[in-house]
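Inspection log for the structure reproduced underneath, given as structure tokens.
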């Protein structure tokens with residue numbers, strides 16, 4: 001496979017030119033986060049992704065992780081790469097100085113997460129889970145708990161997990177049975193089994209801090225009776241020193257379709273000592289601090305796969321000779337033309353490129369919103385950012401991962417039969433990415449969250465907030481007449497979006513199944529419109545750069561052409577989604593269960 005290259009140029013284009021992160025950082029008080037500093041950090045991050053992580057990606061897939069009586073060994077090179085990651089100070093970038101962090105913005109660090117995942121998805125999951133653990137402790141831990149755990153977690157010498165689901169409950173956490181019984185000293189004995197715990201056990205850090213959902217003895221049934229606990233692999237005293245081994249052990253690791261270098265563990269808690277974090281029976285509320293950030297992170301994993309697959313497919317299409325162009329020879333001295341001359345190969349490559357770059361813009365836009373919610377001082381601006389983020393998070397998680405399934409499939413298809421062969425790396429991308437639509441809540445769960453909880457739950461107010469921004473922008477660029485067709489397309493989609501929402505809401509009053517029947521198509525429709533808005537913004541900026549004679553003209557012209565492709569061939573997919581939504585739920589629900597048989 002073509003060597004992975006971190007998309008630094010495109011990331012900085014979106015951050016600097018489209019969303020003006022320099023002013024954004026200054027307004028939030030990050031005066032040290034100048035464009036020069038960001039560029040220098042990203043230069044080193046790109047080197048780490050390309051030179052350290054990418055070379056061991058295939059190794060992780062071939063070797064996988066190994067389990068022996070509770071001990072998990074990661075693939076060759078993973079432990080050493082993690083040591084370099086810690087030594088380079090990467091784990092501490094976006095965390096407070098009082099815990100050893102560098103106090104840089106969330107967005108600055110998160111943009112690099114795409115690159116690390118693109119270079120080596122399996123490896124990137126180990127530090128990725130730690131960030132959510134840190135955020136949960138910062139938001140809900142006591143000062144003593146923070147002192148005990150955050151210094152080591154921020155430094156990266158300890159890693160973290162989130163232990164949520166159990167064998168019988170899947171995503172329905174109201175069914176979980178893991179129990180927490182109080183000790184006389186105020187701690188708790190945690191007992192039960194958790195499954196699908198990424199990085200639950202490994203050999204890369206000195207300690208692992210598990211954030212665990214469990215029930216207190218007198219807890220009410222369902223989700224209202226869930227509490228959250230800190231359960232470290234090794235006991236930790238009040239000064240943050242590591243002690244004896246706790247009674248939590250990895251029972252096995254899963255044998256998976258992909259991300260084989262990431263240890264997915266069954267974790268057994270046998271009266272393990274834990275500490276309550278947050279209020280009793282409020283564990284789910286605390287957990288969503290972790291989950292919302294994790295869902296954006298999962299969207300970044302999908303984005304990273306789209307980028308990596310595009311890079312591999314593009315290099316192959318430029319080199320592979322097959323057949324002649326329909327319009328005459330393009331490679332007169334060779335036996336055939338490179339396959340990039342063929343329209344269908346172009347269709348696949350441009351689809352990959354349009355999703356990778358459009359989805360990146362959406363992800364970075366959401367990172368900017370997260371910054372506002374974390375560091376902003378204007379109450380109204382924080383509330384507005386939180387409202388937009390509430391709506392966009394399920395879209396980022398689901399749309400970026402569902403489109404990644406398509407782009408990685410195209411990557412294999414461009415290679416033809418070679419795409420199915422392991423040595424090229426394209427089939428690994430497809431396998432690794434398949435999980436992204438499922439964990440942190442499946443696409444269906446994200447869709448219900450968007451349509452039922454966020455849109456209908458707010459009586460459409462969250463949709464209005466997002467549409468107001470989009471329509472205001474479309475009105476603001478009317479003097480750029482060359483973009484009127486695109487702006488009109490986005491505006492008409494916004495009108496249709498509101499109309500669809502009203503139709504679904506009315507139907508659901510008569511039959512609640514209408515929400516579930518429409519949800520996934522509604523989410524995908526929303527994703528296509530939002531990413532279309534991102535492409536419109538990028539196209540306008542690209543033309544402004546060309547008109548001003550700034551930067552790389554070829555880069556900006558490619559933006560304009562890719563934007564046109566998106567509007568012509570991808571945004572138009574909303575037509576079939578609208579048709580599907582309007583068929584209602586009867587074609588799904590009329591068949592009696594007894595007829596579902598072979």
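The values are calculated or read from the model by the stated rules, or taken from the named source; none is laboratory data. Everything numeric in this text was worked out from a predicted model, so none of it was measured. Cβ atoms come from the backbone with ideal geometry, glycine included; neighbour counts cover every protein chain shown.
Tell me the residue from 81, 45, 40 that is more than 30 Å from residue 249 (Cα to Cα), modelled with pLDDT of 95 or more and touching a helix residue (DSSP H, G or I) at 6+ places or on another chain (Cβ under 8 Å), please.
That would be 45, the only listed residue that is more than 30 Å from residue 249 (Cα to Cα), modelled with pLDDT of 95 or more and touching a helix residue (DSSP H, G or I) at 6+ places or on another chain (Cβ under 8 Å).
Assess whether residue 294 counts as being surrounded by 21 or more Cβ atoms within 10 Å (Cβ to Cβ), touching a helix residue (DSSP H, G or I) at 6+ places or on another chain (Cβ under 8 Å) and in contact (Cβ under 8 Å) with a residue 24 or more places away in the chain.
Values: surrounded by 21 or more Cβ atoms within 10 Å (Cβ to Cβ): yes; touching a helix residue (DSSP H, G or I) at 6+ places or on another chain (Cβ under 8 Å): yes; in contact (Cβ under 8 Å) with a residue 24 or more places away in the chain: yes.
For residue 294, the condition - surrounded by 21 or more Cβ atoms within 10 Å (Cβ to Cβ), touching a helix residue (DSSP H, G or I) at 6+ places or on another chain (Cβ under 8 Å) and in contact (Cβ under 8 Å) with a residue 24 or more places away in the chain - is met.
Considering 165, 159, which residue is in contact with a strand residue (DSSP E or B) (Cβ under 7 Å, 6 or more places away or on another chain), within 24 Å of residue 259 (Cβ to Cβ) and modelled with pLDDT of 95 or more?
After applying the criteria, what remains is 159.
Determine if segment 283-291 includes at least one residue that is assigned to a loop (DSSP other than H, G, I, E, B) and more than 22 Å from the chain's Cα centre (by Cα).
no
Could you tell me which of the residues 113, 103 is outside any loop (DSSP other than H, G, I, E, B) and not assigned by TED's automatic domain parsing to the domain that holds residue 293?
After applying the criteria, what remains is 113.
Please work out which one of (1) in the same structural domain as residue 386 (by TED's automatic domain parsing); (2) buried (at least 19 other Cβ atoms within 10 Å of the Cβ) is the condition residue 413 fails and give its number.
So the condition that residue 413 fails would be (2).
Take the residues in segment 492-518 that are touching a residue at least 60 places away in the same chain (Cβ under 8 Å) and closer than 19 Å to residue 467 by Cα; name whichever of them is nearest to the chain's Cα centre (by Cα).
493
Looking at 436, 474 in this structure, which one is at pLDDT 95 or above, under 16 Å from residue 520 (Cα atoms) and in a helix (DSSP H, G or I)?
436
Give just the number: which of (1) in a strand (DSSP E or B); (2) within 18 Å of residue 233 (Cα to Cα) does residue 137 not satisfy?
Result: residue 137 passes all but (1).
Filter the helices (runs of 4 or more DSSP H) completely within segment 516-598 down to those with at least 2 residues that are touching a helix residue (DSSP H, G or I) at 6+ places or on another chain (Cβ under 9 Å) and under 23 Å from residue 456 (Cβ atoms).
Those helices (runs of 4 or more DSSP H) span 574-582, 586-589.
Among the numbered criteria (1) free of Cβ contacts under 8 Å to residues at least 40 places away in the same chain; (2) surrounded by fewer than 18 Cβ atoms within 10 Å (Cβ to Cβ), which one does residue 134 miss?
Result: residue 134 fails condition (2) only.
Of the numbered conditions (1) touching a helix residue (DSSP H, G or I) at 6+ places or on another chain (Cβ under 8 Å); (2) within 16 Å of residue 118 (Cβ to Cβ), residue 398 fails exactly one; give the number of that condition.
It is condition (2) that residue 398 fails.
Would you check if there is a residue in segment 370-389 being surrounded by 22 or more Cβ atoms within 10 Å (Cβ to Cβ) and outside any helix (DSSP H, G or I)?
no
Look at segment 302-353 and say how many of its residues are surrounded by 13 or more Cβ atoms within 10 Å (Cβ to Cβ), at pLDDT below 95 and part of a loop (DSSP other than H, G, I, E, B).
Number of matching residues: 8.
With respect to residue 231, determine if the residue is part of a strand (DSSP E or B), over 23 Å from residue 437 (Cα atoms) and in contact (Cβ under 8 Å) with a residue 60 or more places away in the chain.
Against the criterion (part of a strand (DSSP E or B), over 23 Å from residue 437 (Cα atoms) and in contact (Cβ under 8 Å) with a residue 60 or more places away in the chain), residue 231 qualifies.
Matching residues to (1) modelled with pLDDT under 95; (2) closer than 27 Å to residue 72 by Cβ; (3) surrounded by fewer than 24 Cβ atoms within 10 Å (Cβ to Cβ); (4) touching a helix residue (DSSP H, G or I) at 6+ places or on another chain (Cβ under 6 Å):
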| site | (1), (2), (3), (4) |
| --- | --- |
| 90 | no, yes, yes, no |
| 104 | no, no, yes, no |
| 119 | no, yes, no, yes |
| 122 | no, yes, no, yes |
| 126 | no, yes, no, no |
